[in-house]
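Here is the structure we will look at, set down as C-alpha cells.
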Amino acid sequence: DLDDGATKKDGDKRIISPDDYLDKMIQMPLELPPIEPTRKLSFIRELLGESSFKEYAQIIEAGVADNPRSITRFINFLAFMARLAENLKEAIKEESDDAPGRPENYRQLIDTYFTPPYYVKWAVIVFSFPAEHKRIKNKAQHIFDVQNAARGTAPAGEELPEKEATSAIQVTGRLKKVLAMGEPFPEEPWLIRKFVYLAASVGMATAD
C-alpha cells in the first residue's frame, strides 16, 4: 500500500515522488539480514550486470552498508546519477567563456573525471556519508583534506614531512578505504563544485 504519507492528492490523482516509489518498490516485509562478507561482492556484481560500473564493484563493497536493501538502493541511485551526469557533462562544455572560476583546462577535467570510477566514488560519498558530503558542499577543500588524510599524501605543491600526518583530520573505517582506492579526485575546487551540483540535480529530479 503506497498511501502512507508518500503520496499527495491533486484532484483525483495521486502523486508519488520517485524517491518514495523506489524506496517502497524494493522494501521487504522483513528487514533483510546483512550479507555474508564473502558474498557481498558477488551480490553487487550481479546487480551491476554488464554495466560499466562492474569494474568498480570493490569501491561499492567498501563504501555501502552490508544490508541487501541498502546495496540495491545504492545501485539504483548510482545509475540515475550517472545518467544525469552524462547530460550535465555536455551542458558544462557549452557554458559561456566567462563562467566564473572555470579553469582553462575545464574540458579536459570534465572528460577525465566525469567518468564511471568517479561517479561511483562520488555516489558512495553522497549516499553513505551525508555528513561529509554536507561539509564538501560548504567547502570544496574538505574533500581534498580527507582524501589526503586517507591516502597519506600531501596537498598538491607540498611535501609530506617524514612520519607526519598530512592533516589533523582523522579518516577511519569505510570512508578511508573508499578514498584510498583508485585514482584520487584532482585538487580542483571548480570540478568538485560540479560534482556537488550533480548531487543537487539528483535531488531536484526526484522532488515532487
Cβ-defined net charge surrounding residue 137, 14 Å radius [Lys, Arg +1; Asp, Glu -1]: +4
Relative packing of 131-144, 58-71, which averages over residues the other C-beta atoms within 10 Å, highest first: 58-71, 131-144
Filter on 40/139; 93/177; 40/176 - keep pairs with C-alpha separation over 23 Å: 40/139; 93/177
Per-peptide average of other Cβ atoms within 10 Å, ordering 106-112, 122-128 highest first: 122-128, 106-112
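A short reminder: the numbers here are calculations on the coordinates, not readings from a lab. Computed from a predicted model, the values in this text were never measured in an experiment. Here the Cβ is made from the backbone with ideal geometry for all residues, glycine too, and neighbour counts use every protein chain on show.
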